[in-house]
1. Just to be sure I understand: if I project the alpha-carbon convex hull of the protein assembly as shown onto a plane and average over all orientations, what area do I get in nm²?
2. Could you list the residues of region B:181-198 with an amide nitrogen less than 14 Å from a label point located 7 Å from the Cα of B:TRP369 in the Cα-to-C-beta direction?
3. Under the Kirkwood approximation for Rh and a Cα-based Rg, what ratio Rg/Rh is obtained for region B:360-484?
4. Roughly speaking, what % of Cα-Cα pairs in region B:69-199 are separated by over 27 Å, rounded to a whole number?
5. Report, in whole Å, the centroid distance computed from the Cα atoms of region B:237-271 and region B:273-344.
6. A:SER57 to A:GLU130: FRET efficiency via 1/(1 + (r/R0)^6), r the Cβ-Cβ distance, R0 35 Å, to the nearest 0.05?
7. Between B:ALA177 and B:LEU125, how high is the FRET efficiency from 1/(1 + (r/R0)^6) when r is the Cβ-Cβ distance and R₀ = 35 Å? Nearest 0.05.
8. With viscosity set to 0.692 mPa s at 37 °C, what whole-number translational diffusion coefficient in µm²/s follows for region A:1-126 from Stokes-Einstein and a Kirkwood radius over Cα pairs?
Amino acid sequence: MTPIPQILHIKQMKITLEGQTLLAINQHIAPGEVLTVMGPSGSGKSTLLAYLAGFLSPAFQAQGELYLGDKRLDTLPAEQRGIGLLFQDPMLFPHLSVAGNCRFGLPRRTQNKTERITKALEQVGLAGFEARDPATLSGGQQARVALMRLLLSQPQAVLLDEPFSKLDTALRQEMRTLVFGQLREAGLPTLLVTHDEADAAAAGGPIIALG
Amino acid sequence: MVLLPAFGYLPVLGGDTFHLEAWQALWARAGLHRSILLSYFSGLITTLVALFIVVLFLAANQGTWLDRTIRRLVSPLLAIPHAAVAFGLAFLIAPSGLLARWLSPGVTGWERPPDLLIVNDPLGLALMAGLVLKEVPFLLLMSLAALAQLHPERRVTLARSLGYAPSIAWLKCVFPALYPLIRLPVYAVIAYATSVVDMALILGPTLPPTLSVSIITWFNDPDLSRRFMASAGAVLQLGVTLAALLTWWLGEQAVQRLSQRWLVNGSRLSGSAAIAFGGRALLSTVTLLAMSALAGLALFSVAGFWRFPDALPGTFTLDHWQRILPSVTTPLINTLSIGLSATLIAAFLVVATLEHAARHHLPARRVQWLLYLPLIVPQVAFLFGLVVAAESVGIRPQHALVVAAHLLFVVPYLYLSLSEAYRRLDPRWVQVALSLGAPPWRAFWQIRLPLLLAPLLTACAVSLAVSIGQYLPTLLLGGGRVPTITTEAVAMASGGNRRLIAVLALLQALLPFIGFSLALLIPRLVWAKRRQMRGAA
């Protein structure tokens, strides 16, 4: 059922804006590994994420290739890349219930959708939360739903955009353990963008600096 | 298309040579000069007054309870059709109107309606007052929308920390940045005010009427050769409007030059109290007048026997409603079917445009001018061209043609009211949806559209209100054979049965109101269990 984990290759990637080189990266991320990209704001972190996820504005020119195993991704539209995203805000769709949010992420032909959602919520201590309005959840609960929504969509790689920066300190460590644990267990190559040293330390993978 | 008949070319009517007869006939009209001056000055003066009131109010606005209340009361006024406001105002200020009744005989000593020409006065003062009532809410809402991107609080706070009084701080630090953003709406107001037809028919002078009203009279004249003159008049109207716009533009330049010194002369306090008081007083008066106008309509529509100086009718009756309702079924159906089809088509076009722009990261280019074009060119001028064009290719006046004409005005308003919300929606919503594997169409239908439901419905209500209020496009492209509530109401203006007019005008005002109520209510019902969606609406 679950596809075999693959390596994410960022090959000779170079992004330029009006002839100016913004960033250049040549890296690969193994299954279950977290590559941390650090840099101050304005160093092109969000541009990198936009390129990988497939949302790069046409104002930028990108060179290089993006592969997942043998599959070339950079020529595909965002929805066919199988790259999941976690932002610093949980971004739970406010017009859907907790279960509705999870269901939106599930691939079309998944069997036993309801059971899978129930199990996923139980896994993060949110049993019985299916019908809840996301707006009534605490920040930590929302973050956990967002994580499970991401995992249920069965991505083959994950991008984390400062996912812990808006949580309070006590919660932050707990979420780091949960997120990295889950991603490692699923064997997903992960790219983390942050400016928090502690995030990088918790991720435990290679670190590159931008800017 | 309007140029050809103006110079004598209109094969349908046997005019197949170019000549200047129409212009000679036009210049020979008695009172033409006066008509031109009326249109020119009423347009400029009303715009100036309306802008003055709005700017003063915004400068005085301290975010107090009173200010917020006035703001909230003003917005629904925008939805009331021009004709309804005009009738309400007429009933308010007429010699036998509400104001005279409330003040008599106590203040005025009148035992019978005085023989004064207040409505339809030769100087067009009543017309200007009516236009101001409609333009103030329009300019205010446009300014509030533009202010959202200027961070006025920061600018004012900074200036206040340098010792400027709040209202002076606003005028010196916010207004110079605001004006360029509301320039197009201001031009639209000038164009509208110089060429308005329905309000001028109700409130404007009669001998001679404004230029636009004269043109319509000639156009509808049974003597078809008058059409050549009407076409020449439409071209002249375009010239008058352009002249007014040019005058305004020159005024802008002059004010900009002269105010350079004032902006930096360091004066911090002088006049601030007057501005603060004047701003609130003027806008409250406008709001109050408009509200009383509506109340007056309601009162007249159910009034039975009503002796002159009495403040209230002696008896109340539903006769007028019962008498008129059966005969307005067709106009009502026409109004709604035209309004709803125009709104649906416009919503489809606008959402498709915005979605396309969002998907391809297109910047908000300067399509604005193009969109505003139907609002800045006087209706009389280009609708004439449309009629002539439709006739020359053999399309007869009909529903579809009216809908098409309404679209010209509905699309810009719908675009203006929706585009800001569309652009402001966090792009990450759709990015999350796509990264979860949803194809773009699903992200659009299941995420973007539901999230934008409230602004979309409001925009649709605006466009429905715009369509309901259209008089000239309905009249001209329907060939007078597609009656709507608005055309019926305006047609009764000369008839003078106040109670029946009141019923029609109220109906006309009621329809947009229902639209806006639904636009508010539906999101609340749909999202009853979703806290954040209610907050966002």
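The values are calculated or read from the model by the stated rules, or taken from the named source; none is laboratory data. Computed from a predicted model, the values in this text were never measured in an experiment. Using ideal geometry, Cβ is built from the backbone for each residue, glycine included, and neighbour counts are taken over all protein chains shown. Ligands, DNA and RNA are excluded from the accessible area calculation, which covers all protein heavy atoms including side chains. Shrake-Rupley method; radii C 1.70, N 1.55, O 1.52, S 1.80 Å.
1. So the Cα hull casts an average projection of 40.6 nm².
2. Counting backbone N atoms under 14 Å from the label point, the list is B:184.
3. Over the Cα atoms of region B:360-484, Rg/Rh equals 1.10.
4. Above the 27 Å cut-off, region B:69-199 has 41 percent of its Cα pairs.
5. For region B:237-271 versus region B:273-344, the Cα centre distance is 36 Å.
6. FRET efficiency, A:SER57 to A:GLU130: 0.40.
7. Rounded to the nearest 0.05, the efficiency is 0.55.
8. 193
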